[in-house]
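Asker: Input: one structure, supplied below.
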Amino acid sequence: MNASCIFPAIIRLAMIACLMITASACDRDKEYTSVDFRTKSVKAPAKTQDMVEPILQIAVAAMISPKETLVYYRELIDYLGSKLNRNTLLIQRKTYGEINDLLSKNQIDIAFICSGPYVLNGNPSGFQAIATPIIRGSPLYQAYLIVHSDSPFQKLEDLKGRSFAFTDPHSNTGFIVPRYWLSLMNTNPETFFGSTIFTFSHDNAIMAVAKHLVDAASVDSLYWEYYQTRNPYYSARTRVIQKSEAFGSPPIVVSDALSTDLIERLTHILLTMHQDPEGQRILSGLLVDRFESPKAEWYDPIRKMAERLSLEGSRDAYGAR
(Lines give C-alpha, C1' and ligand atoms only; values in the text may rest on other atoms or scores of the structure.)
Protein backbone atom coordinates (compact mmCIF):
# COMPACT_ATOMS: atom_id res chain seq x y z
CA MET A 1 0.00 0.00 0.00
CA ASN A 2 1.30 3.46 -0.87
CA ALA A 3 2.27 5.59 2.12
CA SER A 4 -0.10 8.32 0.98
CA CYS A 5 -2.95 5.83 1.21
CA ILE A 6 -2.24 4.51 4.69
CA PHE A 7 -4.25 7.16 6.52
CA PRO A 8 -7.39 6.78 4.34
CA ALA A 9 -7.12 3.02 4.73
CA ILE A 10 -6.93 3.35 8.52
CA ILE A 11 -10.01 5.59 8.42
CA ARG A 12 -11.91 2.98 6.41
CA LEU A 13 -10.77 0.18 8.70
CA ALA A 14 -11.90 2.14 11.74
CA MET A 15 -15.25 2.77 10.08
CA ILE A 16 -15.70 -0.93 9.39
CA ALA A 17 -14.71 -1.76 12.96
CA CYS A 18 -17.34 0.70 14.19
CA LEU A 19 -19.80 -0.82 11.77
CA MET A 20 -19.26 -4.26 13.27
CA ILE A 21 -19.91 -2.89 16.75
CA THR A 22 -22.92 -0.72 15.99
CA ALA A 23 -24.47 -3.34 13.76
CA SER A 24 -25.52 -5.29 16.83
CA ALA A 25 -28.18 -2.66 17.40
CA CYS A 26 -29.66 -3.10 13.93
CA ASP A 27 -31.71 -6.15 12.99
CA ARG A 28 -30.66 -6.08 9.36
CA ASP A 29 -26.97 -5.76 10.22
CA LYS A 30 -27.10 -8.66 12.64
CA GLU A 31 -27.24 -11.14 9.79
CA TYR A 32 -24.24 -9.54 8.10
CA THR A 33 -21.98 -9.07 11.11
CA SER A 34 -19.50 -11.82 11.94
CA VAL A 35 -19.69 -13.55 15.28
CA ASP A 36 -16.52 -13.05 17.34
CA PHE A 37 -15.54 -16.71 17.52
CA ARG A 38 -13.37 -16.96 20.61
CA THR A 39 -15.47 -19.34 22.67
CA LYS A 40 -15.91 -23.05 22.98
CA SER A 41 -19.06 -24.98 23.72
CA VAL A 42 -19.64 -28.63 24.49
CA LYS A 43 -22.73 -30.52 23.43
CA ALA A 44 -23.57 -34.00 24.62
CA PRO A 45 -25.24 -36.51 22.29
CA ALA A 46 -28.89 -37.34 22.63
CA LYS A 47 -28.16 -40.58 24.45
CA THR A 48 -27.13 -40.03 28.05
CA GLN A 49 -24.63 -42.62 29.15
CA ASP A 50 -21.04 -42.82 30.27
CA MET A 51 -18.83 -41.81 27.38
CA VAL A 52 -15.67 -43.85 26.83
CA GLU A 53 -14.72 -42.25 23.52
CA PRO A 54 -12.78 -38.96 23.49
CA ILE A 55 -14.65 -35.76 22.68
CA LEU A 56 -14.99 -35.03 18.98
CA GLN A 57 -13.52 -31.55 18.41
CA ILE A 58 -15.05 -29.66 15.50
CA ALA A 59 -13.91 -26.24 14.30
CA VAL A 60 -15.85 -23.58 12.42
CA ALA A 61 -14.41 -20.32 11.11
CA ALA A 62 -16.44 -17.11 11.08
CA MET A 63 -15.87 -16.86 7.33
CA ILE A 64 -18.27 -19.71 6.70
CA SER A 65 -20.73 -18.98 9.49
CA PRO A 66 -23.09 -16.04 8.99
CA LYS A 67 -25.12 -15.45 12.13
CA GLU A 68 -28.31 -16.67 10.50
CA THR A 69 -26.79 -20.05 9.68
CA LEU A 70 -24.67 -20.56 12.81
CA VAL A 71 -27.57 -22.36 14.47
CA TYR A 72 -27.57 -24.90 11.64
CA TYR A 73 -23.84 -25.48 11.92
CA ARG A 74 -24.37 -26.15 15.60
CA GLU A 75 -27.19 -28.54 14.75
CA LEU A 76 -25.04 -30.29 12.15
CA ILE A 77 -22.29 -30.78 14.72
CA ASP A 78 -24.80 -32.06 17.26
CA TYR A 79 -26.20 -34.38 14.58
CA LEU A 80 -22.75 -35.91 14.02
CA GLY A 81 -22.28 -36.37 17.75
CA SER A 82 -25.65 -38.04 18.10
CA LYS A 83 -25.04 -40.43 15.23
CA LEU A 84 -21.61 -41.36 16.63
CA ASN A 85 -22.86 -41.35 20.22
CA ARG A 86 -19.99 -39.05 21.20
CA ASN A 87 -19.71 -35.70 22.91
CA THR A 88 -18.80 -32.85 20.59
CA LEU A 89 -16.72 -29.77 21.32
CA LEU A 90 -17.46 -26.81 19.04
CA ILE A 91 -14.30 -24.75 18.62
CA GLN A 92 -15.06 -21.37 17.07
CA ARG A 93 -12.44 -19.15 15.46
CA LYS A 94 -12.52 -15.95 13.44
CA THR A 95 -10.03 -16.73 10.67
CA TYR A 96 -9.00 -19.60 8.43
CA GLY A 97 -5.41 -19.19 9.65
CA GLU A 98 -6.44 -20.10 13.18
CA ILE A 99 -8.26 -23.18 11.93
CA ASN A 100 -5.23 -24.21 9.85
CA ASP A 101 -3.01 -23.89 12.91
CA LEU A 102 -5.31 -26.08 14.98
CA LEU A 103 -5.38 -28.70 12.22
CA SER A 104 -1.59 -28.74 11.87
CA LYS A 105 -1.25 -29.31 15.63
CA ASN A 106 -3.89 -32.08 15.68
CA GLN A 107 -5.96 -30.02 18.11
CA ILE A 108 -9.20 -30.52 16.17
CA ASP A 109 -10.77 -33.54 14.49
CA ILE A 110 -13.11 -31.99 11.92
CA ALA A 111 -13.17 -28.54 10.33
CA PHE A 112 -15.25 -26.43 7.98
CA ILE A 113 -12.62 -24.66 5.86
CA CYS A 114 -12.26 -22.69 2.64
CA SER A 115 -11.24 -24.29 -0.65
CA GLY A 116 -8.00 -22.28 -0.65
CA PRO A 117 -6.57 -23.72 2.58
CA TYR A 118 -7.74 -27.18 1.51
CA VAL A 119 -5.75 -27.00 -1.73
CA LEU A 120 -2.70 -25.22 -0.33
CA ASN A 121 -2.53 -26.94 3.06
CA GLY A 122 -3.75 -30.48 2.38
CA ASN A 123 -1.64 -33.59 2.81
CA PRO A 124 1.06 -33.80 4.07
CA SER A 125 -0.28 -31.12 6.42
CA GLY A 126 -2.37 -33.68 8.28
CA PHE A 127 -5.94 -33.46 7.00
CA GLN A 128 -8.11 -34.70 4.18
CA ALA A 129 -11.47 -33.70 2.69
CA ILE A 130 -14.35 -36.14 3.13
CA ALA A 131 -17.38 -34.18 1.91
CA THR A 132 -18.21 -31.31 -0.42
CA PRO A 133 -21.62 -29.56 -0.20
CA ILE A 134 -23.89 -29.70 -3.23
CA ILE A 135 -25.72 -26.38 -3.43
CA ARG A 136 -28.39 -25.76 -6.05
CA GLY A 137 -27.38 -29.00 -7.67
CA SER A 138 -23.70 -28.10 -8.03
CA PRO A 139 -20.48 -28.82 -6.09
CA LEU A 140 -18.96 -25.62 -7.49
CA TYR A 141 -18.89 -21.93 -6.62
CA GLN A 142 -17.29 -18.72 -7.91
CA ALA A 143 -15.75 -15.45 -6.83
CA TYR A 144 -17.94 -12.41 -7.44
CA LEU A 145 -16.32 -9.00 -7.90
CA ILE A 146 -18.86 -6.58 -6.47
CA VAL A 147 -19.26 -2.80 -6.46
CA HIS A 148 -22.01 -0.55 -5.20
CA SER A 149 -25.12 -0.66 -7.37
CA ASP A 150 -24.94 3.07 -8.06
CA SER A 151 -21.20 3.16 -8.82
CA PRO A 152 -19.88 3.86 -12.34
CA PHE A 153 -17.48 0.88 -12.31
CA GLN A 154 -18.11 -1.74 -14.97
CA LYS A 155 -14.93 -3.85 -14.94
CA LEU A 156 -11.88 -4.56 -12.82
CA GLU A 157 -9.77 -2.09 -14.78
CA ASP A 158 -12.07 0.71 -13.61
CA LEU A 159 -10.97 0.14 -10.01
CA LYS A 160 -7.45 1.49 -10.56
CA GLY A 161 -6.55 3.65 -7.54
CA ARG A 162 -9.76 2.75 -5.68
CA SER A 163 -10.31 1.11 -2.30
CA PHE A 164 -10.73 -2.65 -2.15
CA ALA A 165 -11.76 -5.16 0.53
CA PHE A 166 -10.22 -8.60 0.78
CA THR A 167 -11.91 -11.06 3.12
CA ASP A 168 -9.17 -13.27 4.59
CA PRO A 169 -5.51 -13.95 3.63
CA HIS A 170 -6.43 -17.64 3.26
CA SER A 171 -9.65 -17.16 1.29
CA ASN A 172 -9.83 -18.44 -2.27
CA THR A 173 -12.56 -16.11 -3.51
CA GLY A 174 -11.69 -13.27 -1.16
CA PHE A 175 -7.93 -13.16 -1.69
CA ILE A 176 -6.39 -15.64 -4.15
CA VAL A 177 -8.81 -14.93 -7.01
CA PRO A 178 -8.51 -11.12 -7.05
CA ARG A 179 -4.71 -11.38 -6.88
CA TYR A 180 -4.84 -13.82 -9.77
CA TRP A 181 -7.03 -11.47 -11.81
CA LEU A 182 -4.56 -8.67 -11.26
CA SER A 183 -1.63 -10.91 -12.16
CA LEU A 184 -3.25 -11.48 -15.56
CA MET A 185 -3.08 -7.70 -15.94
CA ASN A 186 0.62 -7.80 -14.94
CA THR A 187 -0.03 -5.89 -11.73
CA ASN A 188 -0.77 -6.55 -8.04
CA PRO A 189 -2.99 -5.12 -5.28
CA GLU A 190 -0.18 -3.05 -3.77
CA THR A 191 0.28 -1.00 -6.92
CA PHE A 192 -3.16 -1.25 -8.52
CA PHE A 193 -5.50 -0.30 -5.68
CA GLY A 194 -5.36 2.97 -3.80
CA SER A 195 -5.90 1.13 -0.51
CA THR A 196 -6.86 -2.33 0.69
CA ILE A 197 -8.27 -3.79 3.89
CA PHE A 198 -9.35 -7.19 5.25
CA THR A 199 -12.92 -7.60 6.53
CA PHE A 200 -12.42 -11.23 7.70
CA SER A 201 -15.85 -12.28 6.51
CA HIS A 202 -17.76 -12.26 3.25
CA ASP A 203 -20.86 -10.76 4.87
CA ASN A 204 -18.88 -7.79 6.19
CA ALA A 205 -17.29 -7.32 2.76
CA ILE A 206 -20.74 -7.15 1.17
CA MET A 207 -21.89 -4.68 3.81
CA ALA A 208 -18.75 -2.54 3.40
CA VAL A 209 -19.42 -2.16 -0.33
CA ALA A 210 -23.14 -1.54 0.22
CA LYS A 211 -22.33 1.24 2.71
CA HIS A 212 -19.72 2.86 0.46
CA LEU A 213 -16.92 2.10 2.93
CA VAL A 214 -14.92 0.56 0.08
CA ASP A 215 -15.34 0.74 -3.66
CA ALA A 216 -15.22 -2.99 -4.34
CA ALA A 217 -14.66 -6.46 -2.92
CA SER A 218 -14.33 -10.04 -4.08
CA VAL A 219 -16.69 -12.39 -2.28
CA ASP A 220 -17.89 -15.99 -2.25
CA SER A 221 -20.76 -16.41 -4.72
CA LEU A 222 -22.52 -18.78 -2.33
CA TYR A 223 -22.73 -16.04 0.29
CA TRP A 224 -23.83 -13.31 -2.09
CA GLU A 225 -26.52 -15.61 -3.52
CA TYR A 226 -27.46 -16.72 0.00
CA TYR A 227 -28.20 -13.15 1.02
CA GLN A 228 -30.01 -12.45 -2.24
CA THR A 229 -32.31 -15.33 -1.30
CA ARG A 230 -32.64 -14.86 2.47
CA ASN A 231 -31.99 -11.18 3.18
CA PRO A 232 -31.05 -8.98 0.19
CA TYR A 233 -31.02 -5.69 2.12
CA TYR A 234 -27.29 -5.17 1.54
CA SER A 235 -26.52 -7.52 -1.33
CA ALA A 236 -29.20 -5.77 -3.40
CA ARG A 237 -27.18 -2.55 -2.99
CA THR A 238 -24.24 -4.19 -4.71
CA ARG A 239 -23.67 -5.22 -8.30
CA VAL A 240 -21.59 -8.10 -9.69
CA ILE A 241 -19.23 -6.88 -12.43
CA GLN A 242 -17.05 -9.97 -12.83
CA LYS A 243 -17.26 -13.68 -12.06
CA SER A 244 -14.43 -16.18 -11.79
CA GLU A 245 -14.35 -19.66 -13.22
CA ALA A 246 -15.94 -22.34 -11.04
CA PHE A 247 -14.12 -24.07 -8.18
CA GLY A 248 -14.94 -26.93 -5.83
CA SER A 249 -17.00 -25.65 -2.90
CA PRO A 250 -15.41 -25.39 0.58
CA PRO A 251 -15.14 -28.95 1.93
CA ILE A 252 -15.43 -30.58 5.31
CA VAL A 253 -12.03 -31.97 6.33
CA VAL A 254 -10.88 -34.41 9.00
CA SER A 255 -7.57 -34.87 10.75
CA ASP A 256 -5.39 -37.75 9.61
CA ALA A 257 -4.90 -38.49 13.30
CA LEU A 258 -8.39 -40.00 13.44
CA SER A 259 -8.76 -43.72 13.02
CA THR A 260 -9.71 -45.08 9.61
CA ASP A 261 -12.90 -46.50 11.08
CA LEU A 262 -14.00 -43.14 12.52
CA ILE A 263 -13.24 -41.32 9.27
CA GLU A 264 -15.31 -43.87 7.36
CA ARG A 265 -18.21 -43.52 9.80
CA LEU A 266 -18.11 -39.72 9.62
CA THR A 267 -18.00 -39.83 5.85
CA HIS A 268 -20.98 -42.17 5.67
CA ILE A 269 -23.04 -39.99 8.02
CA LEU A 270 -22.36 -36.86 5.98
CA LEU A 271 -22.94 -38.46 2.58
CA THR A 272 -26.27 -39.98 3.65
CA MET A 273 -27.70 -37.35 5.99
CA HIS A 274 -29.98 -35.96 3.25
CA GLN A 275 -31.81 -39.30 3.37
CA ASP A 276 -32.68 -38.74 7.04
CA PRO A 277 -35.55 -36.30 7.81
CA GLU A 278 -33.63 -34.57 10.60
CA GLY A 279 -30.50 -34.41 8.50
CA GLN A 280 -32.43 -32.99 5.58
CA ARG A 281 -33.95 -30.31 7.80
CA ILE A 282 -30.51 -29.18 8.93
CA LEU A 283 -29.17 -29.18 5.37
CA SER A 284 -32.14 -27.15 4.17
CA GLY A 285 -31.35 -24.48 6.74
CA LEU A 286 -27.86 -24.23 5.25
CA LEU A 287 -29.28 -24.22 1.70
CA VAL A 288 -27.32 -27.42 1.05
CA ASP A 289 -28.88 -30.19 -1.05
CA ARG A 290 -26.55 -32.92 0.19
CA PHE A 291 -22.86 -33.79 0.56
CA GLU A 292 -20.79 -35.68 -2.00
CA SER A 293 -17.27 -37.10 -1.97
CA PRO A 294 -14.81 -34.45 -3.23
CA LYS A 295 -13.23 -34.85 -6.65
CA ALA A 296 -9.72 -33.54 -7.22
CA GLU A 297 -10.61 -31.97 -10.58
CA TRP A 298 -13.09 -29.63 -8.89
CA TYR A 299 -10.15 -27.93 -7.16
CA ASP A 300 -7.66 -27.95 -10.05
CA PRO A 301 -8.39 -24.31 -11.01
CA ILE A 302 -7.24 -23.20 -7.55
CA ARG A 303 -4.01 -25.14 -7.94
CA LYS A 304 -3.41 -23.47 -11.30
CA MET A 305 -3.94 -20.00 -9.82
CA ALA A 306 -1.62 -20.87 -6.95
CA GLU A 307 1.07 -21.94 -9.38
CA ARG A 308 0.84 -18.64 -11.23
CA LEU A 309 1.02 -16.67 -8.00
CA SER A 310 3.82 -18.91 -6.71
CA LEU A 311 1.75 -19.53 -3.61
CA GLU A 312 2.82 -23.15 -3.42
CA GLY A 313 6.46 -22.17 -2.92
CA SER A 314 5.84 -18.98 -0.93
CA ARG A 315 3.13 -19.89 1.54
CA ASP A 316 4.60 -17.97 4.42
CA ALA A 317 4.70 -14.79 2.35
CA TYR A 318 1.05 -15.08 1.41
CA GLY A 319 -0.21 -16.29 4.78
CA ALA A 320 -1.17 -19.76 3.56
CA ARG A 321 0.24 -21.26 6.74
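The values are calculated or read from the model by the stated rules, or taken from the named source; none is laboratory data. All figures in this text were calculated on a predicted structure; none of them were measured in a lab. So basically every Cβ, Gly included, is an ideal-geometry build from the backbone, and we count neighbours across all protein chains shown.
Asker: May I ask you to list the residues in segment 102-121 that are without any contact (Cβ under 8 Å) to a residue 24 or more places away in the chain and either within 17 Å of the chain's Cα centre (by Cα) or within 22 Å of W224 (Cα to Cα) (or both)?
Answerer: Passing the criteria: none in range.
Rundown of residues vs (1) among the basic types (K, R); (2) touching a Phe, Trp or Tyr at 6+ places or on another chain (Cβ under 9 Å); (3) at pLDDT below 95, yes/no style:
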site	(1), (2), (3)
H202	no, yes, yes
V214	no, yes, no
Q228	no, no, yes
Y233	no, yes, yes
R237	yes, no, no
E245	no, no, no
D256	no, yes, yes
R265	yes, no, no
Q275	no, no, no
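Let's see how each residue does on (1) surrounded by 15 or more Cβ atoms within 10 Å (Cβ to Cβ); (2) within 19 Å of the chain's Cα centre (by Cα); (3) assigned by TED's automatic domain parsing to the domain that holds E75; (4) of a type in the set (S, T, N, Q):
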| position | (1), (2), (3), (4) |
| --- | --- |
| A217 | yes, yes, no, no |
| Y226 | yes, yes, no, no |
| Y234 | yes, yes, no, no |
| L258 | yes, no, yes, no |
| I263 | yes, no, yes, no |
| P277 | no, no, yes, no |
| V288 | yes, yes, yes, no |
| D300 | no, yes, yes, no |
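Asker: Also: Within segment 180-193, track down each residue that is surrounded by fewer than 19 Cβ atoms within 10 Å (Cβ to Cβ), in a helix (DSSP H, G or I) and in contact with a Phe, Trp or Tyr (Cβ under 9 Å, 6 or more places away or on another chain).
Answerer: Hit for segment 180-193 is P189, nothing else.
Asker: Mind telling me which of the residues H268, H170 ends up being assigned by TED's automatic domain parsing to the domain that holds V147 and farther than 18 Å from L156 by Cβ?
Answerer: After ruling out the rest, the residue left standing is H170.
Asker: Counting only residues that are in contact with a strand residue (DSSP E or B) (Cβ under 9 Å, 6 or more places away or on another chain), surrounded by 12 or more Cβ atoms within 10 Å (Cβ to Cβ), in a loop (DSSP other than H, G, I, E, B) and not polar (S, T, N, Q), how many does segment 145-160 have?
Answerer: 1
Asker: Search segment 194-205 for residues being in contact with a strand residue (DSSP E or B) (Cβ under 7 Å, 6 or more places away or on another chain) and outside any helix (DSSP H, G or I), and hand back the single one that is nearest to F175 (Cα to Cα).
Answerer: Among those residues, the one meeting the criterion is F198.
Asker: Can you tell me which residues in segment 206-238 are over 22 Å from P169 (Cα atoms), assigned to a helix (DSSP H, G or I) and among the aromatic types (F, W, Y)?
Answerer: Those that are over 22 Å from P169 (Cα atoms), assigned to a helix (DSSP H, G or I) and among the aromatic types (F, W, Y): Y226, Y227.
Asker: Output the qualifying pairs, or none if there are none: Cβ atoms under 8 angstrom, residues six or more apart or on different chains, first residue in segment 169-188 and farther than 15 Å from Q242 by Cβ, second residue basic (K, R) and at pLDDT 95 or above.
Answerer: Every condition considered, the pairs that remain are N188/R179.
Asker: V219 fails exactly one of the following numbered conditions: (1) touching a Gly at 6+ places or on another chain (Cβ under 8 Å); (2) within 30 Å of N106 (Cβ to Cβ). What is the number of that condition?
Answerer: That leaves (2) as the condition not met.
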